[in-house]
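Any read-out appearing in this document is the output of simple, stated calculations on the displayed coordinates, not a laboratory observation. Being a predicted model, the structure only gives us computed values, none of them experimental. Heads up, the Cβs are rebuilt from the backbone with ideal geometry, glycines too, and the neighbour counts pull from every protein chain shown.
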Amino acid sequence: MLAAGHRSSPDSRRALESLCQTYWYPLYAYVRRRVLDVHEAQDLTQAFFASLLERNSLEAAHRERGRFRSFLLTAFKHFLADEWDKAKALKRGGGRRAIPLDLDSGESRYAHEATENVSPERLYEKQWALTFLDRVLNRLGDEFIAKGKERHFEVLKPFLVGEAQQNSYENAARALGISEAAAKVAVHRARRRYREILRAEIAETVAGPQEIDDEIRQLRAALG
Amino acid sequence: MTDQRHCPKCGAELSADAAQGLCPKCLLDAGLESHASGAAGGAPTGPFITPSQAASPTILPTSRFPTPYLETLARQFPQLDSFEHLGQGGMGVVYKARQRNLDRIVAVKLLPPSVGEEPAFAERFTREAQALARLNHSNIVQVYDFGRTDEYFYFVMEYVDGVNLRALIRDHKLDPEAALKIVPQICEALQFAHDEGIVHRDIKPENILVDKKGRVKIADFGLAKLLGRAAEDLSLTGTGQLMGTLGYMAPEQLQQAHSVDHRADIYSLGVVFYEMLTGQLPIGRFEPPSKKVQVDVRLDEIVLHSLESEPSRRYQHASELKTDLETINEFAAQPPRFVSDYQTLESPRRRLGASIAEHPLLWAMAVFFSLPLLFALVGLAESLIAWRALSNPNPSIGPNPPIGGFIQPYAILIVLFGPFAFLTWAYLWRALHRGRDEGSRTA
């Protein structure tokens, strides 16, 4: 964990908050599997994040030199095992909400998504992978939007998965009102930028650059 | 039915919610793929990556290659349709497909295009593929066809509707009983291939498939050798994955790949067996399986015997391993019967008939030796009676005829044939008894 773990500085805290903001849903899906009551699940999730940020557990994460994805789940499991009672008291006693989590939309998302017969852990892993991809795509999309090229992003998105087929460049060019050659260049740039962002995002959650490929493979495997 | 969208690359079903309508797996793959695939300006960006950072020269860069679009596949394989991406490893990418004319489901494996760069590869490919096509065994994934298209070398193989052992181990669906049903089938497959002179060289849970009927099928025979790798499927992933692949290779395979023979497969089988029983790899100073899980102690010996570092100290044949396993299975399955149980089950006449069928030569010999003997004995008896009749109790009347003359010919016969007959009968007796004993043990 590169940025988020180094020192208990406002930067690292912000980085952690950002990660938590993004990846809370997989944890929620996990706990919903284990705890059938919706309200209790929501409370648990909220309390966990409050506790996480409060005690700067990032030091532990960094020391562990592990991956944020695994760390988060492990910490959550520990929390569920021991800390729940304490946190309950904390909440009743006016524990502040550390990060705003949109738990209601989380619940409707959980309810909508196909509930396959997988273990809570595997559900967590799968949701993590999907959440991760969303985050990457959104970041890329934001960059396009900032340049006023939202339409470009929509047209170029399908090309992100790989080398295009014969006549699709033609269609893209037409849709954007540019030449086919320009379309090819645009695709190439978008793919490159996508890849950069993807790998940078992974780098945020693993111990070092040599682990990036492996983490990508594991995410892929988690998708079943 | 709603119109389900499918990924143009891997054919997987897409959901509108996930990954903004794109294929999540392919999106992740795109994060891995080497940049030089087609587009200009292929220098990878960023401080991270790449194979060039590999310190050790024996580690080869990952051979992931950009997977083709299904449309491309359909063009290159006009005899196949209904492609579906099944998986990808260092040895290539596999699709499920349908052979149009035969209307049967097959699996198609495409080898990484990089293999074609070596000039001698095409020739080796043909030779190896022909050898593999000879491996016709119910526990080996059958090769139906092979060849090359413009871009790929490929195999068309039997499609196995099931899972691989890796998935079973990971999901903890293997109890020792199941393992004991799986391993003998692997032994049969290995023995068959070894008899044909083919060594797998890459036995690991990923290559062992189990179909819905519980039948084991071993995949990727000979591919390791074909792709000419000293250490198979090495890729620059995290160290965890590296060890995982190496963990199944026999010591001699890791050290000098050239002096490797079929016994390397037996070692790998030992590793897989251990992992099936205990869930872990036998690394360093490992404990015997019976100390980690509840299994028969006799299994320890079998597993350890396969895991000997020195090839000459291992099982020399997969069939030996299987036999040892069967011994345990039998005794474990039922307690030994009493002899009386057995005797009431089979009539003596049937046993006799079976015995004659089993040892025709012996029985013939027994009869051959015995008839003259019998004849001689009868004759001897007769002449003795005759001699007694001829000789009188009163020696004063006259001398008795010498007995020798009467019995001589018979004595000769007895001396000649007696021992042989005796030996033959003794042998038959033992054989009959051993058969009876064995018979009482089988179901």
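Miscellaneous remarks
- Volume per residue of the C-alpha convex hull in region B:103-144, rounded to whole Å³: 93 Å³
- Pairwise label distance in nanometres, B:R127 with A:R189, each label 7 Å out on the Cα-Cβ vector: 5.2 nm
- Loop-resident sites, region A:131-202, for trypsin sites (Lys or Arg not before Pro), counting at most 11 other Cβ within 10 Å (DSSP): A:K147
- In terms of other Cβ atoms within 10 Å, A:W128, B:W429 run from fewest to most in the order B:W429, A:W128.
- Ranked list, fewest to most other Cβ atoms within 10 Å of each Cβ, for B:H359, B:H172: B:H172, B:H359
- For region B:271-309, the set of GluC sites (Glu not before Pro) satisfying both a DSSP loop assignment and a count of at most 16 other C-beta atoms within 10 Å is empty.
- Exposure proxy for B:C23, B:C10, B:C187, A:C20: other Cβ atoms within 10 Å of each Cβ, ordered fewest to most, give A:C20, B:C10, B:C187, B:C23.
- Members of B:K225/B:K292; B:K217/B:K322; A:K77/B:K212; B:K25/B:K181 lying beyond 28 Å, as alpha-carbon distances in this model show: B:K225/B:K292; A:K77/B:K212; B:K25/B:K181
- Virtual spin-label span in nm between B:V163 and B:Q316, 7 Å along Cα→Cβ: 3.9 nm
- With R₀ set to 41 Å, the beta-carbon distance separating A:S179 from A:E17 gives a calculated FRET efficiency near 0.40.
- Taking 0.36 nm per residue of sequence separation and removing the Cα-Cα distance, the B:L384/B:E118 pair yields an extension gain of 86.5 nm.
- Per residue, the convex hull volume that the Cα atoms of region A:120-224 enclose (Å³): 114 Å³
- Here the label points at B:L377 and B:R100, each 7 Å from Cα along the C-beta direction, are separated by 8.1 nm in the simple model.
- log₁₀ of I(q)/I(0) at q = 0.26 Å⁻¹ - region A:119-177, Debye sum with one point per alpha carbon: -1.04
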